[in-house]
Amino acid sequence: KLIEPISTTLKGNFSHSRNKNPMLINQAHNTVRTHQNTYRFSLANTSFTWLNIDYSFSYQQTKNKDFSSSKSAKTTHDATLSLLPFAQHTLLTTLAYQQDYIQQQSFSNTFVDLTYRYTFSKRKIDLELAWTNIFNYKEYNQVIINDIMTNVMQAPIRPRQFMVSIRFSF
């Protein structure tokens with residue numbers, strides 16, 4: 001829904017799915033029943049020429065019923081705040097948060113980045129200074145859930161860093 005007086009776009013979504021699949025698990029025939037609900041919401045606001053806000057939220061809940069029942073949930077928040085205080089200057093802050101619940105275990109990832117961009121408009125060149133992984137997390141947890149198993153993979157990631165980059169277009 002576009003709300004023109006405040007230059008805001010709202011989006012919402014809900015989905016529900018059910019699956020019933022026969023599986024051969026450890027040499028035994030089983031029927032796995034999966035129920036999944038997903039809720040999504042997003043907001044984009046451009047009310048001011050100097051401020052843009054983008055936010056999205058997602059919640060997913062999964063229940064597997066077979067020889068043993070299991071529940072899991074995933075919550076995701078993504079946000080970008082863009083400040084344009086002066087012509088050709090931009091300050092971007094991005095947030096990515098994800099949390100997974102599996103039975104009694106919880107895994108989460110939180111990443112915040114900060115970027116300053118100066119645009120040389122006549123030459124179509126951007127100079128960027130970026131500070132990534134501000135909280136200096138050492139690993140990323142990825143949770144993959146399917147009908148018969150759950151995998152948790154932990155991967156090392158780059159530490160906090162500062163980067164300078166130049167972007168240009170022809």
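Using 0.36 nm per residue and subtracting the Cα-Cα separation, the extra length available between ASN26 and GLU128 on full extension is 31.3 nm. ARG167 contributes an accessible area of around 110 Å² to the protein surface, as traced by a 1.4 Å probe with all chains present. The listed residues PHE168, PHE41 rank as PHE168, PHE41 when sorted by accessible area, largest first, using a 1.4 Å probe. Per residue, the accessible area of the chain comes to 70 Å² when a 1.4 Å probe rolls over the protein heavy atoms. Accessible area of PHE107 (1.4 Å probe, protein heavy atoms only, ligands and nucleic acids ignored): about 30 Å². Using the Kirkwood radius over Cα pairs, work out the Stokes-Einstein diffusion coefficient for the chain at 25 °C and 0.890 mPa s, in µm²/s as a whole number. Once the numbers are plugged in, D ends up at 126 µm²/s. The phi-based Karplus calculation (6.51 cos²θ - 1.76 cosθ + 1.60; θ = phi - 60°) puts the 3J(HN,Hα) values of segment 35-48 at 10, 9, 10, 10, 10, 9, 8, 9, 9, 10, 10, 10, 4, 10 Hz, whole numbers, x for Gly and Pro.
Extension gain for ASN37-ALA73 works out to 12.0 nm (0.36 nm per residue, less the C-alpha to C-alpha distance). Segment 100-170 and segment 6-41 have Cα centres separated by 27 Å. Under 5 Å from the amide H of ILE157 lie the amide H atoms of GLU139, TYR140, each residue being 5 or more positions distant or on a separate chain, with H modelled from the backbone and absent for Pro and chain starts. Ligands, DNA and RNA excluded, the heavy atoms of THR90 present near 20 Å² of accessible surface to a 1.4 Å solvent probe.
Once you've got the Cα coordinates, tell me which of LYS20/LYS74; LYS71/LYS138; LYS20/LYS63 are over 18 Å apart. Where the Cα-Cα span goes over 18 Å, the pairs concerned are LYS20/LYS74; LYS71/LYS138. What the Cβ-Cβ distance of ILE166 and THR49 gives, at R0 = 25 Å and to the nearest 0.05, is a FRET efficiency of 0.45.
Compute the relative contact order of segment 1-111 as a whole-number percentage, counting only Cα pairs closer than 8 Å that sit 6 or more residues apart in sequence. With pairs under 8 Å counted, the relative contact order is 18 percent. Going by accessible surface with a 1.4 Å probe and the largest first, LYS122, LYS138, LYS74 read LYS122, LYS138, LYS74. With every protein chain in place and a 1.4 angstrom probe, the accessible-area ranking of THR8, THR46, largest first, reads THR46, THR8. Derived scalar couplings between HN and Hα for segment 157-170 equal 10, 5, x, 3, 8, 10, 10, 10, 9, 10, 10, 8, 9, 9 Hz in order, rounded to whole Hz, by the Karplus curve 6.51 cos²θ - 1.76 cosθ + 1.60 (θ = phi - 60°), x for Gly and Pro.
The values are calculated or read from the model by the stated rules, or taken from the named source; none is laboratory data. What you see is a predicted model; the values in this text were computed from it and never measured. Note that we place each Cβ from the backbone using ideal geometry, even for glycine, and neighbour counts take in every protein chain shown. Please note that ligands, DNA and RNA were not included when accessible areas were found on the heavy atoms of the full protein model with its side chains. Shrake-Rupley method; radii C 1.70, N 1.55, O 1.52, S 1.80 Å.
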